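A.B. asks: Before I ask anything, here is the structure I am working with.
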Amino acid sequence: MSDAASGYERVAADFLAARGNVAGRGMGVAEVRAWARSLPPGAAVLDLGSGSGLPLTKLLVDAGLAVHGVDASPTLVEAFRRNLPGVPVACEAVEDSRFFGRRFDAVMAWGLWFLLPAAVQRALPGRVADVLLPGGRLLFTAPAEEGSWTDVLTALESRSLGAAAYRQALAEAGLAMLREYEDEGQNHYYEARLAPE
Ligand SMILES: C[S@@+](CC[C@H](N)C(=O)[O-])C[C@H]1O[C@@H](n2cnc3c(N)ncnc32)[C@H](O)[C@@H]1O
């Protein structure tokens with residue numbers, strides 16, 4: 001069966017048990033909380049590959065941000081709706097999504113980018129730039145090293161284009177890199193900003 005969620009629909013129960021059922025702790029919590037605090041109060045944030053909404057989307061909501069989620073796994077979107085009632089979420093692949101037909105102050109994609117085919121990864125900064133308001137911010141994770149590996153849960157191939165290629169794709173989309181850093185689990189973060197008008 002084809003899985004628009006890069007294999008995550010098939011392993012949704014395992015993913016929920018491993019990460020998506022607990023609020024307030026897990027990989028990325030400290031970094032995303034700090035990023036959320038750096039955004040203007042009430043900023044509109046699009047969370048790409050939002051999973052069950054736990055733990056990360058909930059942090060954004062609890063920080064007072066106006067969040068919309070997008071995820072291609074029907075099972076994880078159902079969990080998102082249970083965990084964050086009233087928070088808009090679209091069950092769509094980021095490749096095809098209209099991103100609610102509106103623009104946002106910020107976009108986050110934690111643990112998604114490197115699941116996507118290389119061509120989609122190269123095109124995504126342009127899609128993100130199109131939905132960001134002037135001066136809008138992007139946060140995403142992907143390894144700094146170029147290479148491919150097998151996702152432990154899905155057993156499908158993931159691939160990183162490497163930091164140099166991500167920097168280039170962001171620059172071509174008009175997104176200026178603000179900073180890069182790693183968390184204690186060696187997740188590599190890219191923070192970028194669209195030029196103000
Ligand atoms: C590693 S999980 C991360 C989920 C969440 N961001 C978190 O931090 O817990 C990757 C998520 O991306 C979703 N996903 C994978 N490929 C996708 C695609 N092409 N479009 C939208 N969502 C996708 C999966 O369903 C899954 O929820």
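Each reported figure results from applying straightforward, stated rules to the coordinates on display, with no laboratory input. In this text the structure is predicted, and so the values were computed from the model without any measurement. Reconstructed Cβ throughout: ideal geometry from the backbone, glycine too, with neighbour counts over all protein chains shown.
A.B. asks: For the chain, what is the Kirkwood estimate of the hydrodynamic radius, computed as the reciprocal of the mean inverse distance between distinct Cα atoms, to one decimal in Å?
C.D. replies: 16.6
A.B. asks: Could you calculate the contour length gain from residue 133 to residue 34, that is, 0.36 nm times the residue separation minus the distance between their Cα atoms, to one decimal place in nm?
C.D. replies: Details: separation 99, 0.36 × 99 = 35.64 nm, distance 2.10 nm.
Here the answer is 33.5 nm.
A.B. asks: Can you tell me which of 174, 111, 147 moves the most in a GNM of the chain? Springs connect C-alpha atoms under 10 Å apart.
C.D. replies: Evaluated over the chain, the most mobile residue of the options is 147.
A.B. asks: Among DSSP beta bridges whose residues both lie in segment 12-194, state the antiparallel percentage, nearest 5. Display every interim value, and only then the final one.
C.D. replies: On the way: 16 of 32 bridges.
The antiparallel fraction comes to roughly 50 percent.
A.B. asks: Show that you can apply the helix-only estimate: for the chain, add -39,500 (n - 2.57) for every DSSP H stretch of four or more residues, divide by all residues, and state [θ] at 222 nm to the nearest 500.
C.D. replies: -7500 deg cm²/dmol
A.B. asks: Among 134, 109, 90, which residue has its Cα furthest toward the positive end of the charge dipole of segment 1-145, with +1 on Lys/Arg Cβ and -1 on Asp/Glu Cβ?
C.D. replies: With unit charges placed on the Cβ atoms, the residue in question is 134.
A.B. asks: What is the gain in length, in nm to one decimal, between residue 3 and residue 165 on full extension, counting 0.36 nm per residue of separation less the C-alpha to C-alpha distance?
C.D. replies: 55.7 nm
A.B. asks: Neighbour counts of other C-beta atoms within 10 Å: give me 150, 57 arranged from fewest to most.
C.D. replies: Ordered from fewest to most neighbouring Cβ atoms within 10 Å, 150, 57 come out as 150, 57.
A.B. asks: Further, regarding this structure: What is the fewest-to-most order of 130, 3, 71 by other Cβ atoms lying within 10 Å of their Cβ?
C.D. replies: 130, 3, 71
A.B. asks: What is the distance, in nm, between label points placed 7 Å from the Cα along the Cα-to-Cβ direction at residue 150 and at residue 13?
C.D. replies: About 2.2 nm, to one decimal.
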